[in-house]
1. Return the residues of segment 44-59 that are in a loop (DSSP other than H, G, I, E, B), over 15 Å from LEU5 (Cβ atoms) and among the small types (Gly, Ala, Ser); say none if nothing qualifies.
2. Can you name the condition, by its number, that ARG71 falls short on among (1) at pLDDT below 95; (2) open to solvent by 70 Å² or more (accessible area, probe 1.4 Å)?
3. Filter segment 8-28 down to the residues that are open to solvent by 20 Å² or more (accessible area, probe 1.4 Å) and either in contact with a strand residue (DSSP E or B) (Cβ under 9 Å, 6 or more places away or on another chain) or at positive phi (or both) and list them by number.
4. Are there any pairs, at least 6 apart or on different chains, whose C-beta atoms fall under 8 Å, with the first in segment 91-107 and in contact (Cβ under 8 Å) with a residue 12 or more places away in the chain and the second open to solvent by 80 Å² or more (accessible area, probe 1.4 Å) and assigned to a helix (DSSP H, G or I), and if so, which?
5. Within segment 122-173, restricting attention to residues that are part of a helix (DSSP H, G or I) and at pLDDT below 95, which residue is least open to solvent (accessible area, probe 1.4 Å)?
6. Quickly run through segment 62-81 and pick out the residues that are without any contact (Cβ under 8 Å) to a residue 60 or more places away in the chain and either out of contact with any helix residue (DSSP H, G or I) (no Cβ under 7 Å at 6 or more places or on another chain) or more than 11 Å from ALA37 (Cβ to Cβ) (or both).
Amino acid sequence: MIPELYLLRHGETEWNVQGRLQGRLDSPLTERGQEQARRQAELLAALPPMAAWASPAGRAVATARIALAGRPFRQDWRLVEIDLGPQNGATLADLRQAHPQAFTAGGIGWYDRLPGAEGFAALRARVAAFLAELDQPAVIVTHGITLHMIRLVAMDLPLAALGRLPVVQGALHHVHQGRHQVIS
């Protein structure tokens, strides 16, 4: 059984503002992103101390340093964002123009149809492997699509449910016993 989780999406970045999809690339937190992480710190301060993990991407580490307010955390590569392959750093408009066939079904399924990208099966496998090793409640600082997949696995939902739950920057996503709640 997967323990209780408090999931955080990294704060807003410069590329979020520009509409660029970071994937495995990185850009720094904006002032707003730092404020979102400070809000997450306030929310986490009300919880008992627990194990904490973060993606090793710079934006997630920067968020974790602020949100965890100096508490220790470990980094795990399995928490990085889905890899968009050669499309890392592109805008959605660029992708729609270059790969219109990937967008025919709607929703966020296009992440799974980009040429050279990681795809949902690989993302699910690495997230499931990470979660299988957790043996205690945890705070996890990660990315939008990875956060979607963590909830999907933790709540035992089908892949068709991917993208249906909100992802909010500056909030906590609490997952426990098959339920999800946004704490903001």
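1. Passing the criteria: ALA46, ALA57.
2. (1)
3. Result: ARG9, GLU12, GLU14, ASN16, GLN18, GLY19, ARG20, LEU21, ASP26, PRO28.
4. Partner pairs satisfying both residue conditions: THR91/GLN18.
5. Restricting to residues being part of a helix (DSSP H, G or I) and at pLDDT below 95, the top hit is ALA161.
6. Answer for segment 62-81, where residues must be without any contact (Cβ under 8 Å) to a residue 60 or more places away in the chain and either out of contact with any helix residue (DSSP H, G or I) (no Cβ under 7 Å at 6 or more places or on another chain) or more than 11 Å from ALA37 (Cβ to Cβ) (or both): ALA62, ARG65, GLY70, ARG71, PRO72, ARG74, GLN75, ASP76, TRP77, ARG78.
Residues are listed down the side, and each one gets a yes or a no for (1) more than 13 Å from the chain's Cα centre (by Cα); (2) among the aliphatic types (A, V, I, L, M):
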site	(1), (2)
ARG9	no, no
GLU12	no, no
GLN18	yes, no
PRO28	yes, no
ARG39	yes, no
ALA54	no, yes
PRO72	yes, no
GLN75	yes, no
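One line per residue, one yes/no per condition, for (1) of a type outside the set (Ser, Thr, Tyr); (2) surrounded by fewer than 18 Cβ atoms within 10 Å (Cβ to Cβ):
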{"position": "TYR6", "(1), (2)": "no, no"}
{"position": "THR30", "(1), (2)": "no, yes"}
{"position": "ARG38", "(1), (2)": "yes, yes"}
{"position": "MET50", "(1), (2)": "yes, yes"}
{"position": "ALA60", "(1), (2)": "yes, no"}
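The values are calculated or read from the model by the stated rules, or taken from the named source; none is laboratory data. None of these values were measured; they are calculated from a predicted model. Glycine gets a Cβ as well: all are built from the backbone with ideal geometry, and neighbour counts include every protein chain shown. The protein model used for the area step is the full one, side chains on, heavy atoms only, and it has no ligands, DNA or RNA in it. Shrake-Rupley method; radii C 1.70, N 1.55, O 1.52, S 1.80 Å.
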